[in-house]
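The values are calculated or read from the model by the stated rules, or taken from the named source; none is laboratory data. The model shown is predicted, which means the values in this text are computed figures rather than measured ones. Neighbour counts are summed over all protein chains in view; Cβ atoms, including those assigned to glycine, are modelled from backbone coordinates with ideal geometry. When the accessible area is computed, the model is the full protein with side chains, heavy atoms only, and any ligands, DNA or RNA have been set aside. Shrake-Rupley method; radii C 1.70, N 1.55, O 1.52, S 1.80 Å.
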Amino acid sequence: MIEIDGSQGEGGGQVLRTSLSLSMITGQPFLIRNIRAGRGKPGLLRQHLTCVEAARAVCAADVTGAELGSSTLQFNPGPIRGGDYSFAVGSAGSTTLVLQTVLPALVHADAVSTVSVSGGTHNTHAPSVDFLRMAFLPLLERMGATVSVELERHGFFPAGGGRIIARFGPGGFQPIELIDAGGVIKKSAIAIVAGLPGSIARREIDVLADRLGWSESELSIEPLGDEVGPGNVLSVQIQRENATEVFTGFGERGRSAESVARGVAIDVRRYLKAGVPVWRFLADQLLLPFALARGGVFETGRLSQHTLTNSDVIELFLDVRIHREEIGEGRVRVRVHG
């Protein structure tokens, strides 16, 4: 039984999600205490509870402590079972984080699987479905995985109501190297508004054009129907020869459209200046598949506390070492040794 302190490092939900993923794959049970102790509302919220229930379904686990507000959870996994699954967060909680929890296990299943998750598709503090489809999944495919994600309906905070559908084929992960970013092939940005004035998207696009020097042909606006709103998301895609990165800004009450766009522009400029193939959110997502591949290397910017915590949890379950080396100002090489 692996014992985990959920307050370690950044003390958020990633400790739980990574533990669930690796417990399913390795067959090792775990006991986690102080779940999300580093957050304003500690314990299991609806989104995290859905992650637990999804993991339980995929491997027929024996679970204790799976209830709202619980700060302790014991998870005893059974064998991974491919098949068709449907999960509902029941709020605007992130569908992508639920999918992130079961994705590694279902990639290793011995049968084709389909997973439907309803809730939020574009949430702050979570990878957007655009990030998964454009940045993360293409790299998993290069590593040997067979997985696709379809956005059936947008879901924004606080209404939710979105839905994504993922399809998996049997496979696994093989090591790859992501050292050279390569030249920029294509860059684009899209401002989405639902149930809000179109002027919000126009203001965001205008700021991006000014801050990044991009042409109108690289910038677009997508109005959605009022029934999926209110919501606003600004998404920037940078396609390079060896990797694609996606940067996302979210509109929220009390924050101007200009502020949203400026924040995204700053992140994009820092990424392009660094000249690395992987930026901080993608680095965090890649750690687990690289560890399961028992090898691989990528270069990124300065690592977040979130990524460092994820690394520590991975090493509790797998016989791997994740080596981090500063290779220049703001540049880090991450190498996994199996």
S116 being open to solvent by 30 Å² or more (accessible area, probe 1.4 Å) and either on the phi > 0 side of the Ramachandran plot or more than 14 Å from the chain's Cα centre (by Cα) (or both): no
Quick check, is A257 in contact with a Ser or Thr (Cβ under 9 Å, 6 or more places away or on another chain), open to solvent by less than 50 Å² (accessible area, probe 1.4 Å) and at pLDDT 95 or above? yes
Is it true that some residue in the range 63-78 is at pLDDT 95 or above and in contact with an Asp or Glu (Cβ under 7 Å, 6 or more places away or on another chain)? yes
Could you list, in sequence order, the residues of the range 172-202 that are open to solvent by less than 20 Å² (accessible area, probe 1.4 Å), out of contact with any helix residue (DSSP H, G or I) (no Cβ under 7 Å at 6 or more places or on another chain) and part of a loop (DSSP other than H, G, I, E, B)? A181, G182
Quick one: would you say D62 is acidic (D, E), in contact with a strand residue (DSSP E or B) (Cβ under 8 Å, 6 or more places away or on another chain) and under 21 Å from L318 (Cα atoms)? no
Assess whether T124 counts as being more than 17 Å from R240 (Cβ to Cβ), among the hydroxyl-bearing types (S, T, Y) and touching a Lys or Arg at 6+ places or on another chain (Cβ under 9 Å). no
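Quick grid of which residues meet (1) farther than 28 Å from R163 by Cβ; (2) among the polar types (S, T, N, Q):
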{"site": "Q14", "(1), (2)": "no, yes"}
{"site": "L22", "(1), (2)": "no, no"}
{"site": "I32", "(1), (2)": "yes, no"}
{"site": "L49", "(1), (2)": "no, no"}
{"site": "V58", "(1), (2)": "no, no"}
{"site": "F75", "(1), (2)": "no, no"}
{"site": "G78", "(1), (2)": "no, no"}
Out of the residues in the range 49-79 that are over 22 Å from the mean Cα position of the chain (by Cα) and hydrophobic (A, V, I, L, M, F, W, C), which is farthest from T101 (Cα to Cα)? L68
Leading residue by the ranking (surrounded by the most Cβ atoms within 10 Å (Cβ to Cβ)) among those in the range 64-84 that are in a loop (DSSP other than H, G, I, E, B) and among the aliphatic types (A, V, I, L, M): I80
Within the range 275-338, which strands (runs of 3 or more DSSP E) (wholly inside it) include 1 or more residues that are open to solvent by 40 Å² or more (accessible area, probe 1.4 Å)? 321-328, 331-337
Looking at (1) out of contact with any strand residue (DSSP E or B) (no Cβ under 9 Å at 6 or more places or on another chain); (2) at pLDDT below 95; (3) over 26 Å from E10 (Cα atoms), which is the only condition S304 fails? (3)
Long-range neighbours under 7 Å by Cβ, at least six apart or interchain, first residue closer than 20 Å to S70 by Cβ within the range 21-39, second among the basic types (K, R) and buried (at least 17 other Cβ atoms within 10 Å of the Cβ): none
Selection within the range 145-163 - at negative phi, open to solvent by 20 Å² or more (accessible area, probe 1.4 Å) and in contact (Cβ under 8 Å) with a residue 60 or more places away in the chain: R153, H154, F157, P158, A159, R163
Within the range 211-234, the count of residues that are of a type in the set (A, V, I, L, M), more than 9 Å from G195 (Cα to Cα) and open to solvent by less than 30 Å² (accessible area, probe 1.4 Å) comes to 3
